[in-house]
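Below is one structure, written out as structure tokens; comments come after it.
The values are calculated or read from the model by the stated rules, or taken from the named source; none is laboratory data. Predicted model only: the values in this text are computed from it and were never measured. A quick note on method: Cβ atoms are made from the backbone with ideal geometry, for glycine too, and the neighbour counts reach across all protein chains shown. The accessibility values were calculated without ligands, DNA or RNA, using every heavy atom of the protein model including side chains. Shrake-Rupley method; radii C 1.70, N 1.55, O 1.52, S 1.80 Å.
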Amino acid sequence: MNANRLVLPPPGGPYRVGTQALHLIDPTRADPWQTGRRRELMVQLWYPAALCTQDTEPSARYLTPSVADHVLEMWAEEGEKFGPALRDALAGTRVHATHGAPAASGPLRPLVLLSPGLGEYRTGLTALAEELVSHGFVVASVDHPSDAAGVEFPDGSAVPHREPEGLEDGDTSDLETRYLASRVADLRFVLDRLLDHGSPWRMLLDPARIGIAGHSLGGAAAAELARLDARPAAIAVLDGSLFGRVLSTGLDLPVLLCALTLPDPDDPDVLAGWGQLWPLLRGPRRHTTVRGAGHMSATDFDILAGPLGLRDPGEDSGFGTLPPGRGIALVREALAMFFEEHLMDRPAQRSLSGFPELSTETAPHTSGTVKPSH
């Protein structure tokens, strides 16, 4: 496997991209899976970088080999083992951000939190993050330990994924309580730390322009966070089911529901809760369908799965029928357009003429309970 084959699509905006990994510990909260430990998080922060950042400087690392092993385990069939070449290829994926680059000067910037899907990883949405940052946003993607594929901390210790209890038997109560509540608490804590007056990042961020975007279970977390916390000014749900009290209370802020999978009359769990939430959205609302996409089209694996041998052209495998890379390009456009409108007040800057697969409908047409990432 040639690691040079694995390259994420370049961002299309005018800003260079810098990145740093943040290790955060919440001294007030116990970890719900690890007895006797405080909740400990890793966050990937991307931000517009100063013009002095050179193209010749090395790009940031995509994954450590340890986390790459955990990610590949999530893709493996029962009993299947992947060798070190595949792990090294995934870990060596080329990104476009420069580690530790100085931040660009300028006005306070909007912040978008990203919450990946169940069993995913914080840098698995790098293509989305780099695109947003190239247009002037700061983006923070959160690893949710025990929920994520694997999380490695600076001391080398790692926390693997734990499947929600009872999920194989159709019991979603653990997912809807412990996993969702932990994600929401994680996101609120990250907001607290980034916006704290003692934070070195506070001077870059506009606390009045906070967005939350989540893929799959991350979308449910984004909606529930917006119910509980007044700081988000707009949220985006990228596929996956919705649950929690938000389905009865609704929301007052701008909401994007971006559907990557089609309604399935034989499976009411696909995009469950979308039809229930839609009439309870009292702010600006947008329902966008990415025609031909699949559940994983919002992730970097839309690009990476093929070269890794994990995308069978004869099967959907979560990627739909679009050619590799087209799904992520469409999701990037839909997400940037939404957040530019509601966090930057730039509604007329983008045209969908080059993206015929994106359609805006009056309402979602689905209902049901829950469908996790994998």
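When all protein chains stay in place and ligands, DNA and RNA are ignored, the 1.4 Å accessible-area order of ARG178, ARG109, largest first, is ARG178, ARG109.
Couplings 3J(HN,Hα) of segment 148-164, computed from phi: 5, 4, x, 10, 10, 9, x, 7, x, 6, 9, 10, x, 5, 10, 5, x Hz, in residue order, whole Hz [Karplus 6.51 cos²θ - 1.76 cosθ + 1.60, θ = phi - 60°; x for Gly and Pro]. With a 1.4 Å probe and all protein chains left in place, how much of the accessible area of segment 122-254 comes from carbon and sulfur atoms, in whole percent? Solvent-exposed carbon and sulfur of segment 122-254 make up 49 percent of the total. When peptides 191-201, 284-294, 118-128 are ranked by their average number of other Cβ atoms within 10 Å per residue, the highest-first order is 118-128, 284-294, 191-201.
DSSP finds beta bridges in segment 106-208, and of those with both partners inside it, around 40 percent are antiparallel.
In square nanometres and to one decimal, what's the mean projected area of the convex hull around the Cα atoms of segment 214-307?
Spelled out: convex hull of the Cα atoms, projected over all directions, averaged, 6.4 nm².
Restricting the calculation to Cα atoms, the chain yields a radius of gyration followed by a Dmax of 19.0, 55 Å. When both bridge partners sit in the chain, DSSP labels roughly 45% of those beta bridges antiparallel. Around the amide H of ARG29, modelled in the peptide plane, lie the amide H atoms of ARG39, all under 5 Å away and 5 or more residues distant in sequence or on another chain.
Under a 5 Å amide H cut-off, with hydrogens placed 1.01 Å from N, TYR121 pairs with ALA149 among residues at least 5 apart or on other chains.
Per the Kirkwood definition applied to all pairs of different Cα atoms, how many angstroms is the hydrodynamic radius of segment 187-246? Answer for segment 187-246: a Kirkwood hydrodynamic radius of 12.1 Å. Model label sites at ASP196 and HIS23, defined 7 Å from Cα along the beta-carbon direction, differ in position by 1.6 nm. Across q = 0.10, 0.19 Å⁻¹, segment 18-125 modelled as identical point scatterers on its alpha-carbon atoms has Debye log10 I(q)/I(0) values of -0.41, -1.13, in the order of the q list.
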